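One structure below.
The values are calculated or read from the model by the stated rules, or taken from the named source; none is laboratory data. It should be emphasised that the depicted structure is a prediction, and the values quoted were computed from it without experimental measurement. Counting neighbours? That spans all protein chains shown, and the Cβs are built from the backbone with ideal geometry, glycine included. Note: areas computed on protein heavy atoms with side chains; ligands, DNA, RNA excluded. Shrake-Rupley method; radii C 1.70, N 1.55, O 1.52, S 1.80 Å.
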Amino acid sequence: MTLTVCVGSSGSGKTTFLNDVHKQHKCIYIRQYHSMRPYIKVSAIPNFDETQLPFWSTYVKEGTDKRIPVGGTMAGKFTAGLSGGQRKLLLFELIYQRTLEQEGVLIVLDEPFCGVTDDFVPFIVSRLKVMKNNHNLLLVTNDHVKVLTDMADNVITVSAVDRSHVTVNKMDFVDRTMAINAMSGGKHFLHKTNEEDLKFFFDVEVKGSEDVMGVVWFTLFCAGLFLLTFWDSEPGNGTEALILVAQQIIAYFCINPYLLSLVDWRNYMKEESEALVHNSSQLNLQLKTTICFVLMIGITLIGYGLVNAVVPGFEDVKFLYAMFFDTSSMILPMICLALFSNMALQEVEIFGSLPFLLMLFLSTSFSPGAGVEGVKELRYLFVRYEHNYLHLEIVAFVLTFLFTL
């Protein structure tokens, strides 16, 4: 097995070289500023012995070792926890422990010493010496260059002057693509999903999730306001329909704050997968989708109860189905685009919110007959709550799901 160090001046393309190797070979990859969900408790990471971290004894003495989170910022919220250098050491040690039982894996490290103080350098070097005996390592460094080049089997020098060639050891003008192909050798890490991964997801994203509790409390707050403002409503003159539509709009805004954090969550999940924090990002994406639907079902049930509490006429279960599929049709694109696409947050907000906007423009609720000829007929795209058209809402829900996927 080999250790290859990539060096060069700032802006010469060292990280780009690593990214190109990663494109060729979906290897283990720790980026220079790697992301992890900041609210994860370090002690909760499955199959990981955090006591091997060189700084962990400090938290044991303080009595915070069981509750210290990874720390950082996600979706605009800062969580106090480990420092940037400590997070780097955490990811490095995590990969070290995960790969102990496998051989020949390609591991790519971008600036492993970045943010790490000199007193922890011997720890990283000792781990690298063990890892190079069993795996192919490729790393970039601007710090402690001599320490790494002395223990390296190969040194690649990249240049901002000539980006099509690199220097390998003492060989000049080596084709860059050839070097990338040569560095892309190695086995894929063998993931083994088990019950601990499911428990880890449940503990982090459900049991200890402030975001889920935020949706619950905000929904209860809105439910209270709904009862206070719509109590003792009198049926007739279309009042029932307006109350039902109002409740559905409230339901949309109850879950929407949770959906807006999904883009950051998806990006962090991908980077965590590259660093072997968990075994399957796809499984976690599916589980996160399930949480969204469970929240949506809960909000729909609460809304169904609220509507029947303030006005009679909606006791039939068909209205519960209608409310669920109506809400689903509006938020499903947001869920699918946020979790299963590469769109940025602004793009997800724009395209994911289109069904809600179209519900206003093309709906029998808000435009019962007005509009330009040839356009006003499109209002039947969002027929809402008429029992004769419930099957259309179900079809719209299914088509929306298939389209967004």
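Just for strands (runs of 3 or more DSSP E) wholly inside the stretch 101-179: which have at least 2 residues that are of a type in the set (Gly, Ala, Ser)?
Of the strands (runs of 3 or more DSSP E) lying wholly inside the stretch 101-179, none has at least 2 residues that are of a type in the set (Gly, Ala, Ser).
Of everything in the stretch 189-229, what is farther than 30 Å from Pro69 by Cβ and either of a type outside the set (Gly, Ala, Ser) or surrounded by 12 or more Cβ atoms within 10 Å (Cβ to Cβ) (or both)? Give them in sequence order. Before you say what the answer is, go through the steps one by one.
Step one: list which residues in the stretch 189-229 are farther than 30 Å from Pro69 by Cβ, which gives 223-229.
Within the stretch 189-229, Ala223, Leu225, Phe226, Leu227, Leu228, Thr229 qualify.
Here is a yes/no grid of residues against (1) crowded, with 16+ Cβ neighbours inside 10 Å; (2) over 26 Å from Asp316 (Cβ atoms); (3) at pLDDT below 90:
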| site | (1), (2), (3) |
| --- | --- |
| Ser365 | yes, no, yes |
| Val372 | no, yes, yes |
| Val375 | no, yes, yes |
| Arg379 | yes, no, yes |
| Glu386 | no, no, yes |
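The set of residues in the stretch 105-136 being among the charged types (D, E, K, R) and open to solvent by less than 50 Å² (accessible area, probe 1.4 Å) consists of Asp110, Glu111, Arg127, Lys132. The condition of being touching a Pro at 6+ places or on another chain (Cβ under 9 Å), part of a helix (DSSP H, G or I) and at pLDDT 90 or above holds for only one of Tyr258, Tyr268, Tyr304, that being Tyr268. Selection of first residues in the stretch 336-347 that are free of Cβ contacts under 8 Å to residues at least 40 places away in the same chain and within 14 Å of Ser281 (Cα to Cα) and of second residues that are surrounded by 20 or more Cβ atoms within 10 Å (Cβ to Cβ) and β-branched (Val, Ile, Thr), restricted to Cβ pairs under 9 Å at least 6 apart or on distinct chains, gives the following pairs, ordered by first then second residue: Ser341/Val348.
Of the residues making up the stretch 292-311, just one is farther than 30 Å from Pro235 by Cβ and open to solvent by less than 20 Å² (accessible area, probe 1.4 Å), namely Cys292.
Of note, Phe351 satisfies the criterion of being at negative phi, in a helix (DSSP H, G or I) and not small (Gly, Ala, Ser).
Would you mention how many residues in the stretch 271-287 are in a helix (DSSP H, G or I) and out of contact with any Leu (no Cβ under 6 Å at 6 or more places or on another chain)?
Of all residues in the stretch 271-287, those in a helix (DSSP H, G or I) come to 271-274, 281-287.
Next, from what is left, pick out any that are out of contact with any Leu (no Cβ under 6 Å at 6 or more places or on another chain): 271-274, 281-284, 286-287.
The number of residues fulfilling the criteria is 10.
Quick one: would you say Ile331 is at pLDDT below 90 and under 22 Å from the mean Cα position of the chain (by Cα)?
yes
Out of Met330, Met296, one residue alone is out of contact with any Gly (no Cβ under 6 Å at 6 or more places or on another chain) and either under 21 Å from Ser363 (Cα atoms) or in a loop (DSSP other than H, G, I, E, B) (or both). It is Met330. If you go through the stretch 162-180 and pick out every residue that is in contact with a helix residue (DSSP H, G or I) (Cβ under 7 Å, 6 or more places away or on another chain) and either free of Cβ contacts under 8 Å to residues at least 24 places away in the same chain or of a type in the set (S, T, N, Q) (or both), you end up with 3. Before we move on, is Lys288 surrounded by 15 or more Cβ atoms within 10 Å (Cβ to Cβ) and either closer than 24 Å to Ile95 by Cβ or of a type in the set (Lys, Arg) (or both)? Here the answer is yes, as Lys288 does meet what is asked.
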